[in-house]
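Okay, so here's the structure we're looking at.
The values are calculated or read from the model by the stated rules, or taken from the named source; none is laboratory data. Worth saying up front: this structure is predicted, and the values here are computed from it rather than measured. Here Cβ is always computed from backbone atoms with ideal geometry, including for glycine, and neighbour counts include all displayed protein chains.
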Amino acid sequence: MTDHRVVIVGAGFGGLFAAKELRAAGVSVTLINGTTYHLFEPLLYQVATGILSEGEVAPPIREIFRHRRDLDVRLGWVTDVDVAGKAVLVAAPDGRERRVPYDSLVVAAGARNSYFGAEEFAEHAPSLKNIDDALELRGRIFHAFEMAELEEDPEARRRWLTYVLIGAGPTGVELAGQIAELARRALKGQYRHADLGETRVVLLDAADRVLPAFDAPLSVKALRHLTRMGVDVRLNTRVVDVDASGVKVDAAGGGERIEAHTKIWAAGVAAPALAGRIAEATGAGTDRAGRIVVEPDLTVPGHPEIFVVGDMAAQGLPGVAQVAMQGGRYAARMIKRRLAGRPPKKPFRYFDKGNMATIGRFAAVANVGKLHFSGLLGWLMWLSVHLFYLIGFKNKVTTLLHWVVSFLGRGRAERVGPAHGRRGG
């Protein structure tokens, strides 16, 4: 092993695949993450809607790398980068700040949710980016059904049975479909006083179609299926206010208020604060979302030792897992080539393996190159791809069993969430 030190910030898809690629590379690797687990974010909505447990989508990092003697896992949050001294500053859970030196740095800290300057909306319309968010939303979703069962006033009951999702990208579409299925299928017959057939799921977006990153024909098919499921899709509709008991929207037809206790924000993402700190320290530019403008080889301009991959890099690429995976692998291979004295690798080029999103049971849309898939075939492709990329054999088996119970049957194995004794948002 050489004395070359590689620090990887973030254990999402980018950091995980960079770390895997550096196996047996003759370097020492330090992987720093703010949680003890790697999050399989594409399935997070299934934790929020009671299909999967948190453990199935969040395997422990130390377990993943238990056989790696060349890799050190550190729990903490990177707050700054000392570019001149080649070290990252890490705030640890014990309250102390530590310096971790590096020779090569791979920054893959992901993204955070963006409320587009209206951060006050977060109190009443939580987002879905981590396990804590998923458990919080699970508690709110199922608590609303319980409150509707207790409520005697019809108008108040309607507010509890109305779910508003803001943002019609994959997360919003998938959550809307699953909440509709909860009300109309999975929970059917379990409530004596509340008629869950009255559940209203409203999906809002300022764009002119759902799933705007997909090819237009698939967006049309997704919209049709959502409508058949009873989801009220409102496009070209902008949210202007969110409070404890509803949302205020503005559309071409005028303003309207939608009364609802449960609101979920799935409308946008932005780079974390660390991106701004790195840009300030290196003089790099950033885009409107705060992502760092990188060179074609994913390095920060003027700093070939610093790589930025995934959602933190401004590359004009979609914020999907495959971009992070391929970027992480590429950065690791560049480091290995340099240490071997080989010429630089060609500029990073993303190979688009396609987009996929589920809408409901036995229904999904997928575009792979110029090919379009929808309905049952798209759904089976979605299941296969996500099962393949799940980390750990045990997680694959238990996830498959939960899918059988939830999709072939009506069960929701994971309905326990934080207690919500208060009314409203």
Counting only residues that are among the acidic types (Asp, Glu) and farther than 24 Å from Leu298 by Cα, which one in the stretch 73-116 is surrounded by the most Cβ atoms within 10 Å (Cβ to Cβ)?
Glu97
By residue number, the members of the stretch 147-162 that are surrounded by fewer than 19 Cβ atoms within 10 Å (Cβ to Cβ) and assigned to a loop (DSSP other than H, G, I, E, B) are Glu151, Glu152, Asp153
Answer residue from the stretch 250-297, given it is of a type in the set (D, E, K, R) and assigned to a loop (DSSP other than H, G, I, E, B) and is nearest to Glu119 (Cα to Cα) among those:
Arg288
The stretch 371-416, residues that are polar (S, T, N, Q) and free of Cβ contacts under 8 Å to residues at least 40 places away in the same chain
Ser384
Filter result for the condition that a residue is touching a helix residue (DSSP H, G or I) at 6+ places or on another chain (Cβ under 9 Å), in contact (Cβ under 8 Å) with a residue 60 or more places away in the chain and outside any strand (DSSP E or B), over Leu175, Leu165:
Leu175
Could you grab me the full set of residues in the stretch 300-348 that are without any contact (Cβ under 8 Å) to a residue 24 or more places away in the chain, under 25 Å from Ala270 (Cβ atoms) and out of contact with any helix residue (DSSP H, G or I) (no Cβ under 6 Å at 6 or more places or on another chain)?
Pro301, Gly302, Ala313, Gly316
Looking at the stretch 363-385, which of its residues are in a helix (DSSP H, G or I) and surrounded by 20 or more Cβ atoms within 10 Å (Cβ to Cβ)?
Gly378, Trp379, Trp382
Are there any pairs, at least 6 apart or on different chains, whose C-beta atoms fall under 7 Å, with the first in the stretch 135-146 and closer than 15 Å to Arg412 by Cα and the second of a type outside the set (Gly, Ala, Ser) and surrounded by fewer than 19 Cβ atoms within 10 Å (Cβ to Cβ), and if so, which?
Leu135/Glu54; Leu135/Pro418; Gly139/Pro418; Gly139/His420; Phe142/Arg415; His143/His420; Phe145/Tyr191
From the list Gly360, Gly327, Gly354, exactly one residue is surrounded by 14 or more Cβ atoms within 10 Å (Cβ to Cβ), under 23 Å from the mean Cα position of the chain (by Cα) and at pLDDT 95 or above. Which is it?
Gly327
Limited to the stretch 26-54, what total is found for residues that are over 29 Å from Leu137 (Cβ atoms), touching a strand residue (DSSP E or B) at 6+ places or on another chain (Cβ under 8 Å) and outside any strand (DSSP E or B)?
1
Which of the residues spanning the stretch 98-148 are under 20 Å from the mean Cα position of the chain (by Cα) and polar (S, T, N, Q)?
Asn113, Ser114, Ser127, Asn130
Within the stretch 20-37, the residues that are aliphatic (A, V, I, L, M) and over 18 Å from Ala108 (Cα atoms) are Ala24, Ala25, Val27
Residue set Gly230, Gly246, Gly285; condition outside the structural domain of Gly139 (by TED's automatic domain parsing) and either aromatic (Phe, Trp, Tyr) or in contact with a strand residue (DSSP E or B) (Cβ under 9 Å, 6 or more places away or on another chain) (or both); output residue Gly285
